[in-house]
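Here is the structure we will look at.
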Amino acid sequence: MSTETAILFLDIDDVVCLNRTHGGNDVIEALHGRHADPAEVFTKVFDRCAIESLERIHHGMQGRLRYVISSTWREFFDRQQLSHVLERGGLGFVATSFHEAWCTPCGSVRGLRVDEVAAWLDRFHRGESFAIVDDMFSGESFKPAVASPLHPFHQRIVLCDEWVGLLPEHVEPLLQALRRPVGA
């Protein structure tokens, strides 16, 4: 296993936020003091199973993991706000491990998540291993990479089912991708 840092591109909706009780709009309202019970929003916005699965990945990388947010949440929250939300919601380890370039660029020409991750890699990648966790809906543009061994993202992507999110069975495939050198 390499001692270099690895990058995890992290979507939020349908990965760690399942929008069952609360979602992004509730978080916006809570941050601006307009929600009736902001404490409840922060304690229930992220799914417990998804948090535990992400913690397993984080600990499995032994402090060598940096996160890049590829979620639409990056359009509504700046780095400080999102860090606050993650900390209050039980994902403080993500907030304290943001890559210095903490989010993918918004608004690719085609509006596709795969293009936004590729643009981030073109600009900031320094050869680190990486993995991508997204959901089937917003990550639909990753499906060709999942299917084709010739795609540079092949075996580096986990697509979560909507309303289900990140599960324990996703941990090992993501760890394998994060530990595999680029080009291997």
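Each value in this text was obtained by applying a stated rule to the coordinates, not by laboratory testing. Worth saying up front: this structure is predicted, and the values here are computed from it rather than measured. When we count neighbours, we look across all protein chains shown, and the Cβ atoms used for this are built from the backbone with ideal geometry, even at glycine.
The protection proxy used here, the mean number of other Cβ atoms lying within 10 Å of each residue, ranks peptides 5-16, 79-90 as follows, highest first: 5-16, 79-90. Among 123, 20, 48, the largest mean-square fluctuation in a Gaussian network model of the chain, built with springs joining Cα atoms closer than 10 Å, belongs to 123.
Pick from 97, 70, 148: which is most flexible by mean-square fluctuation in a GNM of the chain where alpha carbon atoms under 10 Å apart are linked? The residue with the greatest mean-square fluctuation here is 148. Among 170, 59, a tally of other beta-carbon atoms within 10 Å of each Cβ gives an order, fewest to most, of 59, 170.
Taking +1 at the Cβ of each Lys and Arg and -1 at the Cβ of each Asp and Glu, which of 27, 76, 147 sits farthest along the dipole of the chain towards its positive end, judged by Cα position relative to the Cα centre? Result: 147, furthest along the dipole toward the positive end. With a Förster radius of 25 Å, plug the Cβ-Cβ distance of residue 154 and residue 62 into 1/(1 + (r/R0)^6) and report the FRET value to the nearest 0.05. The pair residue 154/residue 62 has a calculated efficiency of 0.50. For residue 124 and residue 78, the FRET efficiency from 1/(1 + (r/R0)^6), where r spans their Cβ atoms and R0 equals 25 Å, is about 0.85.
Which value in Å is the Kirkwood Rh of the chain over different Cα pairs? For the chain, the Kirkwood estimate is 16.4 Å. Remark: the chain carries a charge dipole of roughly 540 debye about the Cα centre, counting +1 on each Lys and Arg Cβ and -1 on each Asp and Glu Cβ. The angle separating the long axis of helix 113-124 from the principal Cα axis of greatest extent in the chain is about 70 degrees. Under the criterion of Cα pairs below 8 Å and six or more residues apart, the relative contact order for the stretch 1-114 equals 32 percent. Angle of helix 48-60 to the longest C-alpha principal axis of the chain, folded into 0 to 90 degrees and rounded to 10: 40°.
Dipole orientation for the stretch 81-173: of the candidates 127, 166, 112, 127 has the Cα lying most toward the positive pole (charges on Cβ; Lys, Arg +1; Asp, Glu -1). Principal axis extents of the Cα atoms in the stretch 75-178, from largest to smallest and rounded to whole angstrom, are 39, 32, 27.
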